[in-house]
Amino acid sequence: MAGRWHLIVLAGVLAVPAASPALVAAPRAPAPPASDRATFDVVVEGTGRATRTVTLNGQVGVCTIASRTRSTETYEYGRGRGLRVEFVRLGSGRGSVVLIRRVGRSPFAPTVFNVRATIANVAAGQAERAGPPEVCDPVVERVGDEELCGRRGGAENFALQYRGGRLSLRLWGDPLPPLPSPRLCGVNGVETASGPPTRGFAEPADLRPAPLSPGRIFGTARAFRVPLASPGVLSRDDAPIPGLVGSRVDAASHRAVVRFIRVRPG
């Protein structure tokens, strides 16, 4: 009898099916419900203006320097196709977090995209050097006919960010200042303070983040727009060239509109 009971117990153990891998695998985190996702086609449009005004007088050795120049850069940029983003809300209540991402990318990847621009550079004024010809090489140089004056195209990477109920749009990456060159609009061979303004399209004035509530994002409006603007940017250097009296003043402004067109599921 003892042998028969051993056989029965053994048969019962062997009859238990092996655990399926599907049953022991760690369950995947559920995707956020549809009400916590909102997808949009996005259109970005922006304009800006930057100026540099130089006023200089003085002596460099036996030579007299006088300069009055003004350079202006205006730009328009935009992205109107192929930019689709998704807002994802994680959690609920006051502890929830809303992330923005380009569709198909990680929620933690930056929402970076390329914009195309039309840029116009103009300059006016002149710089003069006077004194003994054998020492000073007297000259009057008018600005505004340099190779890079006029209209041209451009492109930069921008990024959308959403944090604390505010949307921001900014240049992505570190700006690269132009290398010194006689081709730059507004430069001259008399002094080095004149030239293109800073804070043009390659380094635009920073836009203030604008409010955008989760209720608007996850609501029912088919489309909405978020305007952004920079504060007035002004920088002044009262001694741009040692030995000369005067100033170099840079000013800039920047505005943009981000338009969201809701993409319905289905």
For Asn157: the one exception among (1) surrounded by 13 or more Cβ atoms within 10 Å (Cβ to Cβ); (2) part of a strand (DSSP E or B): (1)
Filtered residue count, the stretch 236-266, keeping only those that are polar (S, T, N, Q) and over 21 Å from the mean Cα position of the chain (by Cα): 1
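So, in the stretch 98-118, of the ones that are free of Cβ contacts under 8 Å to residues at least 40 places away in the same chain and surrounded by 12 or more Cβ atoms within 10 Å (Cβ to Cβ), which residue ends up nearest to Gly82 (Cα to Cα)? Before the answer, list the steps.
Filtering the stretch 98-118 down to residues free of Cβ contacts under 8 Å to residues at least 40 places away in the same chain leaves 101-102, 104-109, 116.
Subsequent filtering for residues that are surrounded by 12 or more Cβ atoms within 10 Å (Cβ to Cβ) retains 101-102, 105, 107, 116.
Values: Arg101: 14, Arg102: 10, Arg105: 14, Pro107: 18, Arg116: 13 Å.
Here the answer is Arg102.
Where in the stretch 168-266 are the strands (runs of 3 or more DSSP E), entirely inside, with at least 3 residues that are of a type in the set (A, V, I, L, M, F, W, C)? Give the derivation first.
Numbers: elements: 223-229, 233-237, 244-262.
Hits in the stretch 168-266: 223-229, 244-262.
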Residues satisfying the stated conditions in the stretch 121-143, i.e. buried (at least 16 other Cβ atoms within 10 Å of the Cβ), within 41 Å of the chain's Cα centre (by Cα) and either hydrophobic (A, V, I, L, M, F, W, C) or at pLDDT below 95 (or both): Val122, Ala123, Ala127, Val143
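Check the stretch 217-234 and report whether any residue there is of a type in the set (Lys, Arg), modelled with pLDDT of 95 or more and surrounded by fewer than 18 Cβ atoms within 10 Å (Cβ to Cβ).
Just the residues of the stretch 217-234 that are of a type in the set (Lys, Arg), to begin with: 222, 225.
Next cut, modelled with pLDDT of 95 or more only: 222, 225.
Retained after the next criterion (residues that are surrounded by fewer than 18 Cβ atoms within 10 Å (Cβ to Cβ)): 222, 225.
Checked the stretch 217-234: at least one residue is of a type in the set (Lys, Arg), modelled with pLDDT of 95 or more and surrounded by fewer than 18 Cβ atoms within 10 Å (Cβ to Cβ).
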Any hit, the stretch 190-201, residues being of a type in the set (Lys, Arg), crowded, with 17+ Cβ neighbours inside 10 Å and either over 26 Å from the mean Cα position of the chain (by Cα) or farther than 26 Å from Thr64 by Cβ (or both): yes
Single residue of the stretch 67-99 satisfying the filter (under 22 Å from the mean Cα position of the chain (by Cα), of a type in the set (D, E, K, R) and at pLDDT 90 or above) that is farthest from Pro138 (Cα to Cα): Glu86
Those residues of the stretch 155-180 which are without any contact (Cβ under 8 Å) to a residue 24 or more places away in the chain and farther than 22 Å from Arg101 by Cβ, in sequence order: Asp174, Leu179, Pro180
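The values are calculated or read from the model by the stated rules, or taken from the named source; none is laboratory data. Keep in mind that this is a model prediction, so the values were computed, not measured. In this analysis, Cβ positions are derived from the backbone assuming ideal geometry, glycine residues included, and neighbour counts consider all displayed protein chains.
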